[in-house]
Amino acid sequence: MKKSKTKIVALLAVFILTVPLFACGKDTKDGKKDNTKNTTNKSQINREIRLPYSHEDGLNPYVAKSLINQSIMPLLYDSLYVVDSAYKPNPSVAKSATVLATEVTVEINPSKRFANGSYISAQDVVHSFELAKQSDYYSQPIINIKKAQATGSSTVVFFLEKVDAFALSCLDFPIVKADTLIDGTMQYPESSGRYSFDNSEATKYLKINSSFKDNESTNKKIELVNITDSKAIIHSLVIGNIDSLFCDLGEGSYERINAGTQDVAMNNLVFLGINKYSPALSNPDMRQAISTILDREKITSEGFQGHATPAFTPFNPKWYELKSLKQTGKDAEKEKAQEYIAENAKKLKIRLVINSDNEFKIVAAQKIAQNFGSYGIEVEVVELAFSAYNSAVASGKYDMYLGEIKLTNNMNLYPVLKADDLSYTYYNQLLDGSMTMQEFLDGFYSELPFIPVCYRSGILAFSRNIAVEVKSHENDLYQNINEWHFKK
C-alpha cells in the first residue's frame, strides 16, 4: 500500500512542479492588468503570422522543456499516429498497424518523407523512440513500451510490458531523422512535419515543408519571435508582437487577456483521492452517494472559472471510446443518494487535504465543502503547502485529497489505481479485451477508488485580427495555422 501511495504522490509532484516556461496566469506587463487595445495595423496585415518561442530552449523536441516550444513541435514533426480532439489515433507516418497481445507491428507509409526529401525509415522511427524514452516530456506516454525493433526497412515492432488495447494512441512521439541529432544536443533534427525550421537568417521562420503530402497552406512562412521575459509575453500578444499563445493555466489562476481566446480541453484529470481505510469513507456505498451528490457543474464553473469539463467517469469525457455509453452517477440517481446520506451520514466529518499553492484548487475545495455541507456532511478543508501536501497524501493523513494528474492519450489509469483496488483488476481486463468498456465503468463505480471531478482546460489566446475561425486541440494547438491570415 505504501508503495502505491508513494507512486501516486511522485507522479502528482512531477505534474504540479513542472511549471512550464512562459505559462500565463496573472502575469501582465508590470504586474498589472493589460488593457492595451488590440487593433489591426498595416504592418500586421503585410507580415507573416508570428509565434513565440525560446531560442535558448531550442527546437529539438527531445531537449526542449518550455511550453511555448513544445507547442510548436506538432508543426515541425510528424508521428506514426496523430491523436485528434477525441483522443482517437489516426495513422500518419504509419500506413497501418496490428496490435497482437504485447506486440504492435507498424508498417510505415512510403509516401512520408523528411523536409530534405529523404524517406522515413524504420531505423528513423526506432531512433526517435529511443530518444523519446530518455525524454522528460515524451517518456511517460510510452512507459508501457519496452523496446522498438526494426524488422525491415519499413516495419517496426514495439514490445509492450502489458497488453494495451489503446496502445496506438501512444505512438505520437516526434519522428526525427537518425543522422541529424547528435548526443542529445540542441542541434536541429530534420523536420518530418508540415513545416521546417529556417535558420538561415537573423529572423527565424518556420517554412512550409514541400515534402509533406497534400500540404496546402496560405502561410508559407511563420515568423518565430524569441521571448526572453516571461512576464511580458501576454503584453507581446496584446500589442501585436506575437499572434498567439497557449496558456495551460497550471498555476491555478487566470485573468482575461485582451485578445481572442478559445478553451482547449486537456487530458488533466482532477479527482478526489480517497482513503479507503478511513472510517468515514470505507463503505463503497457512501463513496457512491458522495460522488452522486457532487455538484461538478458548480465546481468547474466557479472553482475553475469554467475552464474545465465535469467528469462522471475516470476517462476524459471527450474520449471517442465513451460515445453511447452509460455514464453512472448522474442526476437520475441523486434522490437515492440523498436518502442514503440522510440515513447513514449523520455527524459524518471528512478531512479534505489540498495544495494551497493553487488558487483554482482552493476555490474548488471550498465549493466541495459547501456542496457536501448542504447535505449535512461536515468537510474540513486543510490547505497545505506543496511539500506538506505531498507528505500528507503519502502518509495517508486524509480522508480525501484533491489531486490532479495528466493522463496519457491512451487514458492510462495505472498511476491513479492501486494494485489492491478491484478496479485495477478490472482495468487489466479492459486492456486485454476480456471486459467491455461498460463493464469496466460499472465495476469502477461499484468500488470508486477515487472520485472523478473534472478535466481541466487551457486557453489558446490569439490576435483578434485573425480572419478565420481558429481551430485547436491539445495535441495540435495550431491545428489550422496554415489558414490563418489577418483581416484587411
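For region 391-400, the criterion of a residue being assigned to a loop (DSSP other than H, G, I, E, B), of a type in the set (Lys, Arg), touching a Ser or Thr at 6+ places or on another chain (Cβ under 9 Å) and buried (at least 17 other Cβ atoms within 10 Å of the Cβ) is satisfied by no position. Between Ala132, Ala94, the distinction of being touching a Ser or Thr at 6+ places or on another chain (Cβ under 8 Å), of a type in the set (Gly, Ala, Ser) and crowded, with 21+ Cβ neighbours inside 10 Å belongs to Ala132 only. No other residue among Ile459, Ile451 is over 30 Å from His235 (Cα atoms) and within 24 Å of the chain's Cα centre (by Cα) apart from Ile451. Among the residues of region 251-288, those that are among the β-branched types (Val, Ile, Thr) and modelled with pLDDT of 95 or more comprise Thr261, Val264, Val270, Ile274. Considering Lys334, Lys347, the condition of being assigned by TED's automatic domain parsing to the domain that holds Ile299 and in a loop (DSSP other than H, G, I, E, B) is satisfied by Lys347 alone. Look at region 470-487: where a residue is over 13 Å from Leu460 (Cα atoms) and modelled with pLDDT under 95 and a partner is of a type in the set (S, T, N, Q) and not in a loop (DSSP other than H, G, I, E, B), sitting 6+ places away or on another chain with Cβ atoms under 7 Å, you get Phe486/Gln44. Considering region 230-275, the residues that are charged (D, E, K, R) and crowded, with 20+ Cβ neighbours inside 10 Å include one that is farthest from Lys397 (Cα to Cα), namely Asp243.
The set of residues from region 350-377 being surrounded by fewer than 16 Cβ atoms within 10 Å (Cβ to Cβ) and part of a helix (DSSP H, G or I) comprises Gln370, Gly373. With respect to the stated conditions, Asp136 fails to be among the charged types (D, E, K, R), assigned to a helix (DSSP H, G or I) and out of contact with any Leu (no Cβ under 8 Å at 6 or more places or on another chain). Here Lys147 fulfils each of the conditions (1) exposed (fewer than 14 other Cβ atoms within 10 Å of the Cβ); (2) more than 27 Å from Ile68 (Cβ to Cβ); (3) touching a residue at least 40 places away in the same chain (Cβ under 8 Å); (4) of a type in the set (D, E, K, R) apart from (3). Taken together, the residues in region 83-131 that are under 28 Å from Pro317 (Cβ atoms) and touching a residue at least 40 places away in the same chain (Cβ under 8 Å) amount to 11. Could you tell me whether any residue of region 64-73 is assigned by TED's automatic domain parsing to the domain that holds Lys147 and hydroxyl-bearing (Ser, Thr, Tyr)? Scanning region 64-73, I find no residue that is assigned by TED's automatic domain parsing to the domain that holds Lys147 and hydroxyl-bearing (Ser, Thr, Tyr), so the answer is no.
For region 420-448, the set of residues classified as on the phi > 0 side of the Ramachandran plot and either surrounded by 18 or more Cβ atoms within 10 Å (Cβ to Cβ) or assigned to a helix (DSSP H, G or I) (or both) consists of Leu448 only.
The values are calculated or read from the model by the stated rules, or taken from the named source; none is laboratory data. Just so you know, these numbers come straight off a predicted model, no measurement behind them. Reconstructed Cβ throughout: ideal geometry from the backbone, glycine too, with neighbour counts over all protein chains shown.
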